[in-house]
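The values are calculated or read from the model by the stated rules, or taken from the named source; none is laboratory data. Everything numeric here is computed off the predicted structure, so don't read it as measured data. All Cβ positions, even for glycine, are placed from backbone atoms using ideal geometry, and neighbour counts span all protein chains on display. Note: areas computed on protein heavy atoms with side chains; ligands, DNA, RNA excluded. Shrake-Rupley method; radii C 1.70, N 1.55, O 1.52, S 1.80 Å.
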Amino acid sequence: APPAGDGEADAAADGDEDADAEMDEGARQSRAQLQAAMQSDDAVRMIDSVDGLAAAVNHVHVRDSCLFAATATCVFGLAVDLATGAVQREEAVAYAEHEDYVRGICTAASTGAMYTTGDDAVVVEWKPPATQAVRKVKVHNDMVMALAIAPNEQMLATGCEDCSIRLWALPFTTQERN
């Protein structure tokens, strides 16, 4: 006779397999939703596989098969296959010029420029894959919570913790656009 409890362990293992199958289906649905969202505007969205809600994330950005993600005072870039999610290169590239928490990332498709901002009240312009900053400009007197580039890529908007929004002409200069 089998030892006591083996039937319970087998039932638990079967339940784990069912959960894995459900998560795999959920992951497939999430990937499809993410790909559909990215085709429209290149913004990354976190998809809840339970209710299908999508929310834009300003700390993560995808451009030309590179995933950029903000962590503390640094932005990391990682080459990924957008169709499968597989990492193409094991090493991440670090973009480190901020002195405080990074809160926003955006890119300009036509120039390849990447812009980052955060609690240090500056915008840093990058030209990936180079990890040296092109320029670093103080744009507000308080924490900058977000930034966005206009669809025509001729203007950059920055939003500050004090509820002010500033518009900047691109190519990026230190002059605020009125």
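At a 1.4 Å probe radius, carbon and sulfur cover how many percent of the accessible area of the range 86-144?
Roughly 46 percent of what the probe reaches on the range 86-144 is carbon or sulfur.
Kindly list the residues of the range 85-108 that lie in the label zone of Ala133, defined by a backbone N under 19 Å from the point 7 Å along the Cα-to-C-beta vector.
93-108
Mind grabbing the accessible area of His98 for me, 1.4 Å probe, Å², rounded to tens?
20 Å²
Not counting ligands, DNA or RNA, and with a 1.4 Å probe, what is Glu91's accessible surface area in Å² rounded to the nearest 10?
Here the accessible area works out near 110 Å².
Direction-averaged shadow area of the convex hull around the Cα atoms of the range 63-178, nm²?
Value for the range 63-178: 7.2 nm².
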